[in-house]
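Worksheet: one structure, shown below.
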Amino acid sequence: MVSQKADQKRHSTAQAPSGERRGFLRWLLLAASGGVMASLLALIKLIVPQKSGGYIPTVKSGDQLIYAEGGKKGKPIRVDDLQVGDSVLAYPGGKDGNYANIIRVVRAEPDSFQPPTRKDWIEGGVVAYSGICTHLSCTVSWEKRPQVTASIIICHCHTGLYDPLRGAKVIGGPPPRPLPQIPIKVDKGVLTVAGGFAGPVGPKL
């Protein structure tokens, strides 16, 4: 009888470490799965707009526009710096940490703009649109051609094409809608925002 009890005790003692190991492995797998899910959620937040209406810009009337790239990065954009046919990427001053604020600025002949461009939102032949493609959020570029009327705003990710003289109307590729225009004015020679975007920026889910 004593021997049987001793055997049972030895058996339970031998089984305990194995059970503990299995429990630890289960906990480890759960922790790893949680880490993977957290990483995936973080990645989704980076790729997918924050709300169904798109990214959330914080541009406000009175914000000066500054260069977003190049040798003049961070400096105010003066209207005299832009020649007809030029285009630059801009941010409102002090708000370059929010990608939703990026703006594509284009200068053309004032009489070359056509509907649905808001002509009352243009000054000195300068028009501005969101710099975020409405397809999958890539930053749009400028393709300057010999004739300004043939120049286009282009998204190189999937060859989305926009007409800057006709309200950034989609003229090619997969973008589902135009780039929203934003009103600007010239204040003491510097390009300044005069209001909010005409619609949601980026993809509209």
(request) Among the residues of the range 132-159, write down those that are crowded, with 24+ Cβ neighbours inside 10 Å and part of a loop (DSSP other than H, G, I, E, B). (result) C133, T134, V140
(message) Could you check the range 129-150 and list, in sequence order, the residues that are among the aliphatic types (A, V, I, L, M) and touching a Lys or Arg at 6+ places or on another chain (Cβ under 7 Å)?
(response) V140
(message) On the basis of being under 11 Å from Y129 (Cα atoms) and among the aliphatic types (A, V, I, L, M), does L161 make the cut?
(response) no
(message) Name the residue that is nearest to G189 (Cα to Cα), counting only residues in the range 108-134 that are touching a residue at least 60 places away in the same chain (Cβ under 8 Å) and acidic (D, E).
(response) E123
(request) Select from the range 66-115 the residues that are more than 15 Å from the chain's Cα centre (by Cα) and among the hydroxyl-bearing types (S, T, Y) and list them in ascending order. (result) Y67, S87, S112
(request) Among residues belonging to the range 185-205 that are under 20 Å from E123 (Cα atoms), assigned to a strand (DSSP E or B) and of a type outside the set (K, R), point out the one that is farthest from the chain's Cα centre (by Cα). (result) D187
(request) Could you look through the range 81-122, keep only residues that are in a loop (DSSP other than H, G, I, E, B) and of a type in the set (G, A, S), and pick out the one that is farthest from A198 (Cα to Cα)? (result) G85
(request) Run K144 past the list (1) at pLDDT 95 or above; (2) closer than 26 Å to K72 by Cβ; (3) of a type in the set (D, E, K, R) and report the number of the one that doesn't hold. (result) (1)
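The values are calculated or read from the model by the stated rules, or taken from the named source; none is laboratory data. Values in this document were obtained by computation on a predicted structure and should not be read as measured data. Every residue, glycine among them, receives a Cβ derived from its backbone with ideal geometry; neighbour counts consider all protein chains shown.
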